[in-house]
Every structure is written in structure tokens, then in C-alpha cells.
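Have a look at the structure below before the remarks.
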Amino acid sequence: MKILFLTNIPTPYRVDFFDELGKSCALTVAFQAQGFAHRHPSWENFQAHFFHPLFLKPTLHYKNYTLCGDVLDQLKKKWDVIVVGGYASLTNILAIEYMRLKKIPFYLEVDGGLIHPDNKLKFWFKKYLISAASGWLSSGKETTQYLTHYGANPTKIYEYPFTSLWQSDISARMPTIEQKQALRKELGIIEDKVLISVGRFTYQNGYGKGYDVLMKVSETLPTNIGVYIIGDEPTAEFIHWKEEKKLIHVHFVKFQPKEALKKWYQAADVFVLPTREDIWGLVINEAMSQGLPVITTDKCVAGLELVKEGENGYITLVGDIAALTRAITQIFSQDCRLMGQKSLERISQYTLENMAYCHVKCFNDIKRK
């Protein structure tokens, strides 16, 4: 089966997924760019083992917006299935409109979505693009609701588990208390209880990930609760905030590669992502895969999909300092390990192997029709 997949950049988890998917079909992936400036350099080095990577040539390029006119050359070829990964890029908009005019069937893959109160023009444009597809690949019930809101036929939506994790990345069991203590000593963690967050300060200077909310909450937390924010360099404003308020239990940790980051997850008690908006939020998958309960917001699709209130974490309203404080206090008053075990159970099917399997199943169903 010959598959064409249009996507933006070769992020590591996407390359892994394409390699797994390529084991079951003749897969060509057309990338629109090598990478984005705000991504870590390690994201741009990859090898394709089981799929054919194709880098389209930009006809027009402005900041992170790229229009690749040669995508039309690929659409003129014979494919069993064409998948468009997202509808927001200029190249994908061009591809969707061309296939609409030429009556070429295609499937739209969307890995998350939050319904906003759009104005009439924006709503119409989204609906125009989304409803043009012959079918849809959705990352779960929240994304399915988003797609149907913009005109997708619910009977032609295929759901798949969106993830960046191999089966081997998911811990077989919870780390023991002794293992946690050993990791904390190795990492230099001195507090009795540990809360971590992972994300980019470069995203809206830390405000996009809600680190301002987390800092305000930290001002009221006892100093035996260590707050570790892991990612790129914090802005001067956040460094000054920590110093001015004497937040000795708040720590900024530089970017950590995958295996090192896993140690931080395993050493922690709870994962917190007070994001103002994440169309998915793969760090939620990562934290759950190491047995952590999760606190996040109602604007994080991964949280809405994977966190069951009171069972393996809590969902708070965006920017609600009091609610986040209550959730952190409540989670530390409960059995964090029991909640973490529930996270492991809920994340068990969110593997790259299963993600690829669900895509292949969708393609086979398409071909039979």
C-alpha cells in the first residue's frame, strides 16, 4: 500500500512514528521544513529506516510560515492513501484546496484541538478546510468533538492514541521509595516532596506554559515541597522573581535529554503543567509513563484525554491560582503512588507501536471501501 503523508518538520517522535508505520506500508513523508528556530538542535538530526523522507522546496518562506508549491507534484502521483497532517500550514492549505478541486480523496490527521468562540469568518475557514477531507484521524474524544464542530462526519473519524513513547519507554512498575530517594540524591534534590514541570520558557516567555501561575502558587507552598521547572533558560523576569521572593524551593533546570529527563520524572511525586493552551502536551504522556499523577488545565488536550479527576490527577481552570494550590495540596494529602499507578495503567496503550497499528487499520479499512 502506497501512502503519502504531508507534515511540517521531522520532530523526533514523528520520525519514530513514521519509522514504525513504514514497517507496514510503502510510506513517503513530505516535510515542509528542516526545523524551527525555537526547537532544540537535536530535533533536526534523524535517520529514516522504514520510510522515504522527502523535503519540499519552499516557494515562499516567512518566519515559521512556509509555502511549498512542489507539493502539487506529489499529489499528481498515484497513491493508495494521502494523509494531511494538520490544516493550518500554507502548504497543507494549498494541498487541501488542490485535492478538493481535483476531487482527490484525502484523510486529515489532527492530534488535538480546542474549540474557541471564533468569529464567523474564522469558523467558516476552519470548516471549509476540515470538512473537505474524505475522513479524519483523531487523537481521541476531545479532538473528535473539535473535528465534528467544524464539519467532520463522525462516522468517518478514526481515533488513535497520540504519543511519543515506545512500549519500552513506559515503566513496567512504579519506582520504589528507595529508588526515588537514590535518584533524588543523584540529582541533588533536597526537599521531602517533589513537584516538576517540563516545558519551554521561550514559549511566550514562560507565560504560555503558565509558569507565572506556578511561581505564585510556590510563594504559598511550604519549603519542603521542591518545585523543579525543567526546560530551556528562564527569562530574567523569572530569575528576579525567585530571588526577590526568596523562593529557595523553586529550581530552574536546563534542558534534559530523554534518558536524563526520565530520572527527573521517576524522582518526582507529581507533575504539574499549568499551561494556557496545549493542543496536546506530550509531556503529560511522558510523566504518566513514569508513574506520576498529573495536574494540568482545561486547555491541555492531553490532560482532558488522559487525566481522570481525582483518580490520577486533577484538571484546573487556566490561570486559577487558588484552584492549582488546592490541587497540589490535595494531591500531596493523598497516596501519590496509588495515583501514579493509575497513570501507568491509563497510559499503557499510548505507544508508538499502537499508534502505527491504528493508522494501518484505518488505511486497510479505507482500501476495503
Task: the range 176-284 - Rg (one decimal) and Dmax (whole number), Cα, Å - done: 13.4, 38
Open item on the list: Can you work out the Karplus-derived ³J(HN,Hα) for every residue in the range 26-33? Use 6.51 cos²θ - 1.76 cosθ + 1.60 with θ = phi - 60°, whole Hz, and x for glycine or proline.
Closed with: 7, 9, 10, 10, 9, 8, 9, 6
TODO: Keeping the other protein chains in place, figure out the carbon and sulfur percent of the accessible area of the chain, with a 1.4 Å probe.
DONE: 55
TODO: Compute the accessible area per residue over the range 1-114, keeping the other protein chains in place, probe 1.4 Å, unit Å².
DONE: 49
TODO: Please work out the FRET efficiency for the pair LYS120 and TYR357, using the Cβ-Cβ distance as r and a Förster radius of 41 Å; give the result to the nearest 0.05.
DONE: 0.55
- [ ] Provide the per-residue ³J(HN,Hα) series for the range 288-295, in order, calculated from phi with Karplus coefficients 6.51, -1.76, 1.60 and θ = phi - 60°, each as a whole number of Hz, with x at glycine and proline positions.
- [x] 5, 5, 10, x, 10, x, 10, 10
Task: Debye, to nearest 20: dipole size of the chain, +1 on Lys, Arg Cβ, -1 on Asp, Glu Cβ - done: 1140
Open item on the list: So, for the range 126-195, what is the accessible surface per residue at a probe of 1.4 Å, expressed in square angstrom?
Closed with: 47
TODO: For the range 85-144, list log₁₀ I(q)/I(0) at each q in 0.18, 0.20, 0.22 Å⁻¹, using the Debye formula over Cα point scatterers of equal strength and ignoring solvent, two decimals each.
DONE: -0.65, -0.79, -0.94
Open item on the list: Viscosity 1.002 mPa s, temperature 20 °C: give me the Stokes-Einstein translational D for the range 26-167 in µm²/s, with Rh taken as the Kirkwood radius over C-alpha pairs.
Closed with: 130
- [ ] Tell me the trypsin sites (Lys or Arg not before Pro) within the range 187-250 that lie in a loop according to DSSP and have at most 12 other beta-carbon atoms within 10 Å.
- [x] LYS246
Open item on the list: For the chain, take the longest principal axis of its alpha carbons; what is the angle in degrees between that and the long axis of helix 90-102, to the nearest 10 within 0 to 90?
Closed with: 30
Open item on the list: Below 11 angstrom from the Cβ of GLY140, what's the summed charge of the other residues (Lys, Arg +1; Asp, Glu -1)?
Closed with: -3
Open item on the list: Suppose only helical runs count, i.e. DSSP H with n ≥ 4. What mean residue ellipticity at 222 nm does that imply for the chain under -39500 (n - 2.57) per run, divided by all residues and rounded to the nearest 500 deg cm²/dmol?
Closed with: -11500 deg cm²/dmol
Open item on the list: If I fit a long axis through the Cα atoms of helix 177-187 and take the longest principal axis of the Cα atoms of the chain, what angle between them do I get, 0 to 90°, rounded to 10?
Closed with: 90
TODO: Sort largest first and round to whole Å: the equivalent ellipsoid semi-axes of the chain, each the square root of five times a Cα gyration tensor eigenvalue.
DONE: 38, 21, 20
Task: Zero-based 10 Å bins, Cα pair distances in the range 114-204, whole percents - done: 12, 24, 23, 19, 15, 6
- [ ] Starting from the Cα coordinates of the range 241-369, work out the convex hull volume and express it per residue in Å³.
- [x] 139
TODO: Give the dimensionless ratio obtained when the Cα radius of gyration of the range 192-238 is divided by 2.2 N^0.38 Å.
DONE: 1.13
TODO: For the chain, calculate the relative contact order in percent as a whole number, restricting contacts to Cα pairs under 8 Å that are 6 or more residues apart.
DONE: 15
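The values are calculated or read from the model by the stated rules, or taken from the named source; none is laboratory data. Everything numeric here is computed off the predicted structure, so don't read it as measured data. Cβ sites come from the backbone with ideal geometry, for glycine too, and all protein chains shown count toward neighbours. Just so you know, the surface numbers come from the protein's heavy atoms only, side chains and all, with ligands and any DNA or RNA stripped out. Shrake-Rupley method; radii C 1.70, N 1.55, O 1.52, S 1.80 Å.
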